[in-house]
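**Q** Below are the structure tokens for one structure; questions will follow.
Read-outs throughout are calculated quantities, based only on the coordinates presented, and are distinct from any laboratory measurement. All values derive from a computational prediction rather than experimental measurement. Glycine also receives a Cβ, built like all others from the backbone with ideal geometry; neighbour counts cover every protein chain displayed.
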Amino acid sequence: MINYNNKIFKPVSNTENGETSSETAFHYKQNGSILTSEYSGGKIISGHLIGLVNDEGEIEMRYHQVNEKGELMTGICTSKPEILENGKIRLHETWQWTSGDLSKGNSVLEEQ
């Protein structure tokens, strides 16, 4: 199992309807199969996520965040890991807002 504890991830790409950017930093904590993160930066003032990590390192998560407009946004996300040649982790994410327009998107995060 991949252990995400104390790793920092930043987005390298995101679809237009997403709020994360290269300025957003996710600080991951993991205890057993439970993953949590606090994140902020760019359009996001404060965000939190909680998820479950399976044996393949895939993450099923829920998130909520407050954006720079003062809106509370919520969503669901599935992340699939890829181990890069340098040993760092790249996460391929498929997500959907559960607030606002309920739209879907894709993003890629890389370990810093």
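**Q** Which of the GluC sites (Glu not before Pro) found in the range 27-112 are loop residues per DSSP with 13 or fewer other Cβ atoms within 10 Å of their Cβ?
**A** Here the GluC sites (Glu not before Pro) that fit, given the DSSP loop and packing criteria, are Glu56, Glu68, Glu71, Glu85.
**Q** Still on this structure, I have one more. When all C-alpha to C-alpha distances in the chain are sorted into bins of 10 Å, what percent of pairs does each bin hold, rounded to whole numbers?
**A** Percent of pairs per bin, in order: 15, 53, 28, 4.
**Q** Okay, next question. Structure shown: which of Lys10/Lys69; Lys10/Lys80; Lys7/Lys43; Lys7/Lys69; Lys29/Lys69 lie over 19 Å apart, alpha-carbon to alpha-carbon?
**A** Those over the limit are Lys10/Lys69; Lys7/Lys43; Lys7/Lys69; Lys29/Lys69.
**Q** Tell me the relative contact order for the chain as a rounded percent, counting alpha carbon contacts under 8 Å between residues six or more apart.
**A** Reported as a whole number, the value is 23 percent.
**Q** While we're here: Given the options Leu52, Leu72, Leu35, which has the most mean-square fluctuation in a GNM of the chain, springs set between C-alpha atoms less than 10 angstrom apart?
**A** Of Leu52, Leu72, Leu35, the most mobile in the Gaussian network model is Leu72.
**Q** Enter the mean projected area of the convex hull around the alpha-carbon atoms of the range 52-112, in nm², rounded to one decimal.
**A** Spelled out: convex hull of the Cα atoms, projected over all directions, averaged, 4.9 nm².
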